[in-house]
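What follows is a set of notes on a single structure, which appears directly below.
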Amino acid sequence: MSKATRSYYFRIIHRYLGFFLAGIMAIYAISGIVLVFRNTDFLKKEIHYEKTLAVNMTQPQLKEQLKVKGFKVNKVDGNIVHFKQGTYNSSTGVADYKVKKLPMIMEKMTHLHKATTNDPLYYLNIFFGCSLLFFVFSAFWMFLPSTDIFKKGLYFTLAGIILTLAMLFI
């Protein structure tokens with residue numbers, strides 16, 4: 001296969017794969033930006049919970065049952081266990097607490113970013129990652145190496161690599 005023919009096919013695949021992945025890329029971009037602020041209350045709303053749990057639970061049991069991020073007991077006042085997000089009455093088993101969460105659609109989008117092998121979404125993540133790698137490599141076959149666009153593209157690629165390494169190590 002000649003270079004011109006190879007370039008032609010890479011352009012076609014690059015173009016239509018790009019159109020196909022445009023929606024996925026938008027979702028990844030938005031959820032990636034939101035994940036940058038995951039340690040803040042940005043876009044989060046407070047949800048109040050009141051649950052009846054087992055009585056006389058230990059701190060590790062309480063942490064496991066509540067599934068509250070950053071759970072830590074601040075003080076115990078008789079039967080009342082105080083923690084940052086609320087209280088637990090060890091004699092009645094009532095836990096009254098507040099948690100800040102992203103809206104449902106944003107929660108689903110960020111879950112897409114954090115999918116592991118225990119989640120069927122990881123197939124989409126692998127496909128998306130491989131597609132992005134295809135974009136990286138196919139970009140170098142879209143233009144002949146002797147053209148000015150290709151040479152300028154190499155400078156931009158080098159600049160991107162240097163900027164990323166600088167951000168990682170500085």
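The values are calculated or read from the model by the stated rules, or taken from the named source; none is laboratory data. These numbers were taken from a predicted model, which means no experiment stands behind them. Please note: Cβ atoms are built from the backbone with ideal geometry, for glycine as well, and neighbour counts cover all protein chains shown.
Summary of values
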| item | result |
| --- | --- |
| Matching residues, segment 89-106, being closer than 28 Å to Leu43 by Cβ and either part of a loop (DSSP other than H, G, I, E, B) or not β-branched (Val, Ile, Thr) (or both) | Ala95, Asp96, Tyr97, Lys98, Lys100, Lys101, Leu102, Pro103, Met104, Met106 |
| Single match in Phe134, Phe71 (criterion: assigned to a helix (DSSP H, G or I), surrounded by 13 or more Cβ atoms within 10 Å (Cβ to Cβ) and either hydrophobic (A, V, I, L, M, F, W, C) or at pLDDT 90 or above (or both)) | Phe134 |
| Residue within segment 151-168 that is within 24 Å of Leu17 (Cα to Cα) and touching a helix residue (DSSP H, G or I) at 6+ places or on another chain (Cβ under 9 Å) present | yes |
| Some residue of segment 38-52 being touching a residue at least 40 places away in the same chain (Cβ under 8 Å), assigned to a helix (DSSP H, G or I) and within 19 Å of His111 (Cβ to Cβ) | no |
| Close pairs (6 angstrom Cβ cut-off, 6 or more residues apart or separate chains): assigned to a helix (DSSP H, G or I) in segment 138-163, modelled with pLDDT of 90 or more anywhere | none |
| Qualifying residue in segment 140-147 (condition: touching a His at 6+ places or on another chain (Cβ under 8 Å), assigned by TED's automatic domain parsing to the domain that holds Ala29 and not basic (Lys, Arg)) | yes |
| Within segment 84-125, considering residues that are surrounded by 12 or more Cβ atoms within 10 Å (Cβ to Cβ), of a type in the set (A, V, I, L, M) and without any contact (Cβ under 8 Å) to a residue 24 or more places away in the chain, the one nearest to Leu53 (Cα to Cα) | Ala115 |
